[in-house]
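Read through the structure below, which is laid out as structure tokens, and then see the notes.
The values are calculated or read from the model by the stated rules, or taken from the named source; none is laboratory data. Note that this is a predicted model, so its numbers are computed, not measured. We place every Cβ from the backbone using ideal geometry, glycine too, and count neighbours over all the protein chains shown.
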Amino acid sequence: MKKLMTLSIALLMLCGLFSGCSVSTESTARGVETPAQASQTENEESLDQSVQASAEGRKTISMWFWGANENQKAAFQAALIDVYNSSQNEYELVIEYRNTVDNDIPVALSASSGPDIIYTSGPSFCNVYVTEDKLVDLTPYAEQYGWKDRLLQVYYDACTVDGKLYSVPNSISVGGIFYNKALFQENNWQVPSTLAEMIDIMEEAKSMGLYGGSGGNRGWRPSNDNFSSVMINHFVSPTNLYECLSGNQPFSNPEMLAGVQMMQDWYKAGYLAGNDYTALDSQEAVQLIADKRAAFLMAPTLYIQFAANSFTDNKIDEFGFAPMPNLYAPDKDVYDLTMPCSFAVNTSSKAPDECAKILDIMLSAEFCTTMTEYWPGYWAVPLKDMSGVDDSNMAGMSIKFMEIIKEAVPQINAGNFGYHPSAFFPPVTQDEWRNVDSVWQGVMTPEEFLNAVDKAFAEELEAGLVAPLAKPAV
Amino acid sequence: MSNKAKVRLSSIASLTALVSLVVICLSPLVLVLINSFKTHQEIIANPLSTPTVIHLENYTDTWRIVGFAKAFSNSIKVTVTAIITGCFCSGSIGYVLAGRKVWTWKAITIYFMLATTVPLQLFMLPLYSAFVKLGLMGNPFALGVVIAAWNLPMPIFLMRTYFLKIPYELEEAARIDGADTWQVFTKVMLPIVSPGLITVAVIVGLFSWNEYLLSSTLLQGDANLTASVKFMSLNGMYSGDYSLVMAGAVIMILPVLIMFLLLQKHFVEGMASGAVKG
Amino acid sequence: MKSGNGRIKTLGLHMLTLPAILLSGLVVFAPAVYTFYAAFTDWNGVGKSMNWIGLENFQVLFNDKVFWQALTNNFKWTLIFITIPVVVGMLSAVLLARRSKGRNFFQTVYLIPYVLAPVTNALIWANMIFSPSGGVFGYLRRQGFSVSSPIGDMKTALYGVAFVDMWHYWGFLAIVYLAALRQTPVDQIEAAQIEGVGGWQLFWQVYMPNISPTVKMMFVFIIIYSFLTFDYVYLLTGGGPAHATEMLSTYAYSMAFNTFKFGRAAAVALVMSFFGAIAAFFYTYLSRKEVSE
């Protein structure tokens, strides 16, 4: 009786809260860039079809991927699953979306099982798998399909171990600065061409009560690499990094030390969301720009997938991206390069040829086009020749993303690029480099930090775990 | 101050303390409930405001997107398996440990005490390997058994204390009547400790329902995932929609809350007679 | 005196212990042995080769700053948990024990955070409350209060995470203590009250001796679980910022899955169990004097 009374009182109070509210039950389109032709029912229909296909007795090829929202799953369906399934009758591709994929893959490989197509957060993770014979050597397929000529050299090389290709990159992602065009207009700010100009703007933003710069690594500590990469590759010349990564000089050289110190200064000055860095996640970091609460966000273009959630409707025109100014070659646009993820083939797969076919689809201009129509920011296939990418069907953020990439590719070809840890550092070195937030917080000196990096790198260099690098021109 | 006034004052003070604790416990949940009816933009703009339009579609969308129907049915399979396994195993050994009926009781007790100190995260590799070899990947019943196994110690100690309360005369009488161990156990002891069994069932069931670490590792195939694993996917790297997350949280909370309200008497009374004497 | 009947009885009893022992042996003991063995090898968790390297993993850990940071954090966590939730739980249990009205209501409400899934709780606190963008802290910031999010600041992060875990856990303690308090014989309480003993003294002289087995048992369980603590740290901060909330469990986890140093991660796991085992043995020693049946 008493419980009933309490419950009814609670319910009454709740109704009071909501009194005067209207109720809506309409399901709005959730997610981002759904191309005009794709509708909800269409997606469900094609999903039903794939269910039917498996009922027809096709063998399955499995692939694991991050957790993805509805729209992203639709992208895979249209760009990959349907394309592959309709190209032959024997197999069908099934993608499993798991949030914990980064931990699930090593566990699965340890038991010599797991999906046919392996997802990793970068080629450096593949090195360990390669030494343990878990990944199929893709070089014959690369020759068969002509991947070496198709892909940007620097990306192809990064995925090789001992000259053999073991994984394929999924996309170019270049680092730069995100900003809000409307905010800049309101304050008469110009896109900075030198670091000094950038600092001026950030300081002015701070005096206005805004964040100087945005950032955040909540829920995904490797985000540290995104920010440190943009900074270090523009504070220190990429050739310096190249020499370090080739084993010709230690990381703890004077220029690098100065660069790391500068990163610490910038963090302390609040150019990375200050004390909120650990409390904000990637989406929220971008949201700050959309909300005009921060001047810049130094991040790679893969953050455009988050921008697509924040810069919606008429806000799209406020979205701005520019190459970050640098200290060593002020007249050049330099982009630090990374790949959001890479794919490989499991040695325990029963159909490696089919997997290669699927990878080939993922390295095509058509794939890039369709994926970017749905899901801008994550799928700019690193093709030498981007002319095959047809942006006539793209809208909003997708178009902006392709514009940025198309602008960057000639610079990459000209050698104006730098190295992002997640694509170019071996695993333990990467992990040590990730401790950069200890330097930022002031609990580690730049010397200690770089010494730890040196130590880790020396071991991995000896063990042959460092991928070959293309040399930059800056 | 008169005695009566003193008593009243301390009564008011104690009520204030208790009510403030209620507020601390409940306000995050009320926050989630309120925000589950708002749009993503509204939530970000002001998480403390009440909604102007109640967006019921947040719930229907979340239910559909996450696939809660299948996910909950998987959770139920896992949890029921865990409960049955846990009750059976802890009941049988708890009976024996009470009164130290076998010479191995000391070793067994020490073993299970130590089993509570073992961290779970690293043991996934050997377990995973075994699951693969036995072809049990994605099998919710196998997962339920594993979860029960990991949560044996506390139920065992609880069941032991419940059995301790049964006067020895009852068991003696049954044995004199010619009953063997199994009959004594099933026909005499179990019925008496059935309230305790319910408590253990609630504890094991609760843990299994909320479990995400083992579940995410040992389950493969989207159709096999439990609710807690699928709920985690809502907050993955790519979710930008807080309204889905909030609605999802409420959907996750409701079944647990309802079951708990129905069973809380057993749980509390069970803890009262069991955990107390250690 | 082992009659034929006695033998059968003993056999039957041993059989009854088998289900639990077999289950635990297969699922817990076997993997545990395997993993603990790995602590003395260089296994990377992926391949087949496991070479014995003796105590090398432990030597590396001994010189690892982050390891000591994690260990310190675990100790801090234990200290926090054997004080604050215990005090709050005990206080509310005492208040409830002296009340007759509404006891069920309070008990139920206090247990609600405990029965919710860690993923749900962590999500609520991280996104809805702590977030400086979309959460309560963000809202306060925009209203002009310069508050920093607890999990953003290195100095407060550990306490921020501990607060959420305590919020989730204290109700459970309160219920257990309350149940124990209610078992105190009424005549003892009344006798003391007649003699004019009240409040604090009543608690210490009458209640405490009766509930001390429970208090001791929960004390030990808190210590054991404190060294194992993983969920809330992992879900809220992942060990950051800059290892400020790194725990032995999260450190082991990232060692195993990020840098493929499974052997070393197993060594960390051994350390975790070691401290838990000390607490467990200590408890067994303390309770050997207790009433045994």
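Inside segment A:444-474, residues that are modelled with pLDDT of 90 or more, assigned to a loop (DSSP other than H, G, I, E, B) and more than 27 Å from the chain's Cα centre (by Cα) make up a count of 2.
So that you can scan it fast, the table gives a plain yes or no per residue for (1) in contact (Cβ under 8 Å) with a residue 40 or more places away in the chain; (2) in contact with a Leu (Cβ under 9 Å, 6 or more places away or on another chain):
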site	(1), (2)
A:Tyr374	yes, no
A:Val381	yes, yes
A:Ile404	yes, no
A:Pro421	yes, no
A:Phe424	yes, yes
A:Met444	no, no
A:Phe457	yes, yes
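Scanning segment B:34-56 for residues that are within 30 Å of the chain's Cα centre (by Cα) and surrounded by fewer than 19 Cβ atoms within 10 Å (Cβ to Cβ) turns up just one, B:Leu56. Of the helices (runs of 4 or more DSSP H) lying entirely inside segment C:213-289, those containing at least 3 residues that are in the same structural domain as C:Val161 (by TED's automatic domain parsing) and more than 25 Å from C:Tyr114 (Cα to Cα) span C:248-258, C:262-287. Looking only at segment A:63-87, residues that are in contact (Cβ under 8 Å) with a residue 40 or more places away in the chain and assigned to a loop (DSSP other than H, G, I, E, B) come to 1 in all.
Counting only residues that are touching a helix residue (DSSP H, G or I) at 6+ places or on another chain (Cβ under 6 Å) and under 19 Å from A:Ala458 (Cα atoms), segment A:209-255 holds 6 of them.
Only one of the numbered conditions (1) within 30 Å of B:Met252 (Cα to Cα); (2) within 11 Å of chain C (Cβ to nearest Cβ) is violated by B:Ser73, and that is (2).
In this entry, C:Gly12 is excluded by the filter for residues that are more than 8 Å from every other protein chain (Cβ to nearest Cβ) and crowded, with 16+ Cβ neighbours inside 10 Å. Under 22 Å from the mean Cα position of the chain (by Cα), at pLDDT 80 or above and aliphatic (A, V, I, L, M): does that describe B:Ala249? For B:Ala249, the condition - under 22 Å from the mean Cα position of the chain (by Cα), at pLDDT 80 or above and aliphatic (A, V, I, L, M) - is met.
A search for C-beta distances below 6 Å between a residue of segment B:202-213 that is facing chain C (nearest Cβ under 9 Å) and among the polar types (S, T, N, Q) and any residue that is outside any helix (DSSP H, G or I) and surrounded by 21 or more Cβ atoms within 10 Å (Cβ to Cβ), counting only pairs 6+ apart in sequence or on different chains, returns B:Asn210/C:Ala117.
Report, by residue number, each residue of segment B:180-201 that is aliphatic (A, V, I, L, M) and under 24 Å from B:Phe267 (Cβ atoms). Matches in segment B:180-201: B:Met189, B:Leu190, B:Ile192, B:Val193, B:Leu197, B:Ile198, B:Val200, B:Ala201. If you go through segment C:209-226 one residue at a time, do you hit one that is buried (at least 22 other Cβ atoms within 10 Å of the Cβ), closer than 16 Å to B:Leu122 by Cα, more than 14 Å from chain A (Cβ to nearest Cβ) and modelled with pLDDT of 85 or more? For segment C:209-226, residues buried (at least 22 other Cβ atoms within 10 Å of the Cβ), closer than 16 Å to B:Leu122 by Cα, more than 14 Å from chain A (Cβ to nearest Cβ) and modelled with pLDDT of 85 or more: absent.
Can you tell me how many residues in segment B:98-126 are in contact (Cβ under 8 Å) with a residue 24 or more places away in the chain and outside any helix (DSSP H, G or I)? Let's see the steps before the verdict.
Residues of segment B:98-126 that are in contact (Cβ under 8 Å) with a residue 24 or more places away in the chain, as a first pass: B:98-99, B:112-113, B:115-116, B:120-121, B:124.
Adding the requirement that they be outside any helix (DSSP H, G or I) leaves B:98-99, B:116, B:120.
Summing the residues that are in contact (Cβ under 8 Å) with a residue 24 or more places away in the chain and outside any helix (DSSP H, G or I) in segment B:98-126 gives 4.
Checked against (1) more than 29 Å from the chain's Cα centre (by Cα); (2) part of a helix (DSSP H, G or I), C:Phe172 passes all but condition (1). When you check C:Val27 against the structure, is it assigned to a helix (DSSP H, G or I) and at the interface with chain B (Cβ under 9 Å from one of its Cβ atoms), yes or no? In short, yes.
Under the condition of being surrounded by fewer than 20 Cβ atoms within 10 Å (Cβ to Cβ) and more than 12 Å from chain A (Cβ to nearest Cβ), which residue from segment C:43-60 is farthest from A:Gly114 (Cα to Cα)?
Start the filter on segment C:43-60 by keeping residues that are surrounded by fewer than 20 Cβ atoms within 10 Å (Cβ to Cβ), which leaves C:47-56, C:58-60.
Narrowing further to those that are more than 12 Å from chain A (Cβ to nearest Cβ): C:51-56, C:58-59.
Numbers: C:Asn51: 25, C:Trp52: 28, C:Ile53: 30, C:Gly54: 32, C:Leu55: 33, C:Glu56: 32, C:Phe58: 32, C:Gln59: 34 Å.
Filtering first and then ranking leaves C:Gln59.
Taking the criterion of being under 27 Å from C:Val115 (Cβ atoms), assigned to a loop (DSSP other than H, G, I, E, B) and modelled with pLDDT under 85, the residues of segment B:1-49 that qualify are B:Pro47, B:Leu48.
Within segment A:430-443, restricting attention to residues that are outside any helix (DSSP H, G or I) and either not basic (Lys, Arg) or not assigned by TED's automatic domain parsing to the domain that holds A:Lys268 (or both), the residue that is surrounded by the most Cβ atoms within 10 Å (Cβ to Cβ) is A:Asn435. Hey, does segment C:256-263 have a residue that's closer than 22 Å to C:Val88 by Cα and either more than 7 Å from every other protein chain (Cβ to nearest Cβ) or surrounded by fewer than 20 Cβ atoms within 10 Å (Cβ to Cβ) (or both)? The answer is no, given that none of the residues of segment C:256-263 is closer than 22 Å to C:Val88 by Cα and either more than 7 Å from every other protein chain (Cβ to nearest Cβ) or surrounded by fewer than 20 Cβ atoms within 10 Å (Cβ to Cβ) (or both). Checked across segment C:176-190, the condition of being in a helix (DSSP H, G or I), in contact (Cβ under 8 Å) with a residue 60 or more places away in the chain and more than 21 Å from C:Ala93 (Cβ to Cβ) holds for no residue. In the set A:Lys181, A:Lys164, only one residue is farther than 30 Å from A:Ser121 by Cβ, out of contact with any Lys or Arg (no Cβ under 9 Å at 6 or more places or on another chain) and of a type in the set (Lys, Arg); that residue is A:Lys181. Inside segment A:134-177, can you point out the residues that are aromatic (Phe, Trp, Tyr) and assigned to a loop (DSSP other than H, G, I, E, B)? Selection gives A:Tyr166 alone.
The condition of being in contact (Cβ under 8 Å) with a residue 60 or more places away in the chain and assigned to a helix (DSSP H, G or I) holds for only one of A:Leu280, A:Leu302, that being A:Leu302.
Looking at B:Leu225, B:Leu257, which one is within 14 Å of chain A (Cβ to nearest Cβ), surrounded by fewer than 23 Cβ atoms within 10 Å (Cβ to Cβ) and either modelled with pLDDT under 90 or under 14 Å from C:Val119 (Cβ atoms) (or both)? Quick ask: steps written out before the conclusion?
On the way: B:Leu225 fails: surrounded by fewer than 23 Cβ atoms within 10 Å (Cβ to Cβ).
After ruling out the rest, the residue left standing is B:Leu257.
If a residue has to be within 10 Å of chain A (Cβ to nearest Cβ), surrounded by fewer than 22 Cβ atoms within 10 Å (Cβ to Cβ) and farther than 17 Å from A:Ala294 by Cα to count, how many in segment C:121-146 make the cut? Residues flagged as within 10 Å of chain A (Cβ to nearest Cβ), surrounded by fewer than 22 Cβ atoms within 10 Å (Cβ to Cβ) and farther than 17 Å from A:Ala294 by Cα within segment C:121-146 amount to 0. Within the option set C:Ala242, C:Ala266, being over 15 Å from the mean Cα position of the chain (by Cα) and more than 8 Å from chain A (Cβ to nearest Cβ) holds for one residue only, C:Ala266.
Restricted to segment B:127-178, the set of helices (runs of 4 or more DSSP H) holding at least 1 residues that are among the hydrophobic types (A, V, I, L, M, F, W, C), in contact with a Lys or Arg (Cβ under 7 Å, 6 or more places away or on another chain) and more than 10 Å from chain C (Cβ to nearest Cβ) comprises B:140-150. Just to be sure before I move on: is A:Asn275 over 21 Å from A:Pro222 (Cα atoms) and either within 14 Å of chain B (Cβ to nearest Cβ) or not in a loop (DSSP other than H, G, I, E, B) (or both) in the structure I sent? Spelling it out, it is not the case that A:Asn275 is over 21 Å from A:Pro222 (Cα atoms) and either within 14 Å of chain B (Cβ to nearest Cβ) or not in a loop (DSSP other than H, G, I, E, B) (or both). Of the listed requirements (1) at pLDDT 90 or above; (2) more than 27 Å from A:Asn127 (Cβ to Cβ); (3) in contact with a Pro (Cβ under 9 Å, 6 or more places away or on another chain), A:Glu403 misses just one: (3).
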